[in-house]
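Have a look at the structure below, then the notes.
The values are calculated or read from the model by the stated rules, or taken from the named source; none is laboratory data. From a predicted model like this one, the values you see are computed outputs, not experimental measurements. Cβ coordinates were reconstructed from backbone atoms using ideal geometry, including for glycine residues, and neighbour counts include every protein chain displayed.
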Amino acid sequence: MENVIVDLIAALQERLAIIGDETSRLDQEKHMARLRAVSERIDKLEAQLPQPVDPQLAHYLQRRSYHKALELLEGRATSRPSSLGRHGGRPSKSARV
């Protein structure tokens with residue numbers, strides 16, 4: 001699972017970098033091909049996430065809110081990487097004390 005999360009973070013970062021790449025936009029066909037390729041990779045990685053997926057993460061990915069998904073993953077990856085695919089990414093009641 002760790003590799004899927006790491007790969008998803010990398011793909012989301014790559015997609016945002018492509019979007020912000022002014023030079024890439026000069027060749028619109030190539031730019032769109034790059035966006036399609038990374039978007040397909042994101043979709044494949046999303047399908048590989050362990051179930052149940054954090055509902056908030058699932059929402060962001062389904063709505064293509066990739067910036068928000070990345071923020072969520074980066075924030076949680078530093079604190080609790082193993083919780084991203086299970087139980088909504090929240091600690092149990094006993095862990096919250």
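Quick look at the numbers
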item	result
Residue in the range 15-26 that is in contact (Cβ under 8 Å) with a residue 60 or more places away in the chain, surrounded by fewer than 17 Cβ atoms within 10 Å (Cβ to Cβ) and part of a helix (DSSP H, G or I) present	no
Residue within the range 7-14 that is assigned to a loop (DSSP other than H, G, I, E, B) and either at pLDDT 95 or above or not charged (D, E, K, R) (or both) present	no
Sole residue being at pLDDT below 95, in contact with a His (Cβ under 8 Å, 6 or more places away or on another chain), over 19 Å from Ala10 (Cα atoms) and in a loop (DSSP other than H, G, I, E, B), chosen from Pro52, Pro91	Pro52
Test: residue in the range 52-71 that is closer than 16 Å to Asp7 by Cα and charged (D, E, K, R)	yes
